[in-house]
Amino acid sequence: MPLLTSKANPRFRALQARLKAGGSRREATLLLGEKLIEAWAEARQTPAGSRLHPALWLRLEQAGPHPLAATLGVETQVLGEAPMRELTDAGSPPDHALLMDLGAEPTGPLAPRILGAWGIQDPGNLGALLRSAAAFGFHEVLLGPGCTDPFHPKALRGSMGAAFLLPLRRMEVLIPDPGHWYALDGGPGAVALADADLSEPLRLWVGNEGHGWRGVALPEGIQRLAIPIQGVESLNAAVAAGIACYEVARRSRC
């Protein structure tokens, strides 16, 4: 099996080019590390997991083969430490990474219980949002304008596999359909979380980490939703989403 050690190698440059595009233009991504690859393998028969198609197994020079590589039937490329670090943008390059082709976004009617991310810019925060949505029984995640790429390798890693359990699609304009639409925000006119009707259909939106919904004109039909707090100005976006998602799940079990 040939060893790729030079970042000037044409094949390495082709891999870089394949991964360069992000956001709505992304056609491929990387799963970094055995744990994330195995999480995808467990979910690959689900609608969300099947959106990712294995294309090339990448193995660090010093690492041994992984049994899943043979099972998937894809070619393996062995990389030296320098090109693996460059390709994965990781200070400590993983022993294994899996290049995935990305299929089309889901279409059709919205699911009954949805979490939306509007302007979430940090991949780690978005990954945490996806984990909360999956953990508390949400069916889909919508991505509004300014939202970071959910298939960026760092966002995938932050989701700890939740990105393979939930359909993800973009929504550039908030156009409320029948149901309960809420924007997490403690501003004037907000309804307290304890008093909100969280029954389905439910669309729960989280705003930008820094300025929330400031400057966004919320359409009629979307209520502001407040989580009562004391002693601090606001909560981290991912923390607030986790609290609200938990409350939705708690009530659905009552």
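The values are calculated or read from the model by the stated rules, or taken from the named source; none is laboratory data. This is a predicted model, so every value here is computed, not measured. With ideal geometry, Cβ positions are generated from the backbone for all residues, glycine too; neighbour counts draw on all protein chains shown. With ligands, DNA and RNA removed, areas are computed over all heavy atoms of the protein, side chains included. Shrake-Rupley method; radii C 1.70, N 1.55, O 1.52, S 1.80 Å.
The figures follow:
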quantity: Ordering of 27-34, 192-199 by burial proxy (mean other Cβ atoms within 10 Å per residue, highest first); calculated: 27-34, 192-199
quantity: Heavy-atom accessible surface of the chain: percent carbon and sulfur, 1.4 Å; calculated: 52 percent
quantity: Calculated FRET efficiency for the pair residue 62/residue 250, C-beta based, R₀ 35 Å, to 0.05; calculated: 0.15
quantity: Angle between the chain longest axis and helix 10-20 axis [Cα atoms, degrees, rounded to 10]; calculated: 0 degrees
quantity: Cα centroid separation - region 38-117 against region 171-189, whole Å; calculated: 33 Å
quantity: Ranked by how many other beta carbons lie within 10 Å on average, peptides 16-24, 150-158 from highest; calculated: 150-158, 16-24
quantity: Amide H contacts under 5 Å for residue 209, placed H, 5+ residues apart; calculated: 121
quantity: Two-decimal ratio, region 118-254, of alpha-carbon radius of gyration to 2.2 N^0.38 Å; calculated: 0.98
quantity: Protection proxy ranking, peptides 208-214, 162-168, 51-57, average beta carbon neighbours within 10 Å, highest first; calculated: 162-168, 51-57, 208-214
quantity: On Cα atoms only, tilt of 123-135 relative to the major axis of the chain in degrees; calculated: 70 degrees
quantity: Positive-pole candidate from 183, 166, 156, dipole of region 152-254, charges at beta carbon; calculated: 156
quantity: 1.4 Å probe accessible area per residue over the chain, in Å²; calculated: 48 Å²
quantity: Sequence-distant lysines (8 or more away, or on other chains) whose Cα lies within less than 19 Å of residue 20; calculated: 7, 154
quantity: Antiparallel bridge percentage (DSSP; both residues within the chain; nearest 5); calculated: 30 percent
quantity: HN-Hα J in Hz across region 100-117 - Karplus 6.51, -1.76, 1.60, θ = phi - 60°, x for Gly and Pro; calculated: 10, 7, 9, x, 6, 5, x, 10, x, x, 5, 6, x, 10, 10, 10, x, 10
quantity: Between 0 and 90°, nearest 10: helix 237-253 axis offset from the chain longest Cα axis; calculated: 70 degrees
quantity: HN-Hα J in Hz across region 43-58 - Karplus 6.51, -1.76, 1.60, θ = phi - 60°, x for Gly and Pro; calculated: 9, 5, 8, 7, x, 6, x, 6, 5, 9, 10, x, 10, 7, 8, 10
quantity: Dipole moment magnitude, nearest 20 debye, the chain about Cα centre, only Lys, Arg, Asp, Glu C-beta charged; calculated: 360 debye
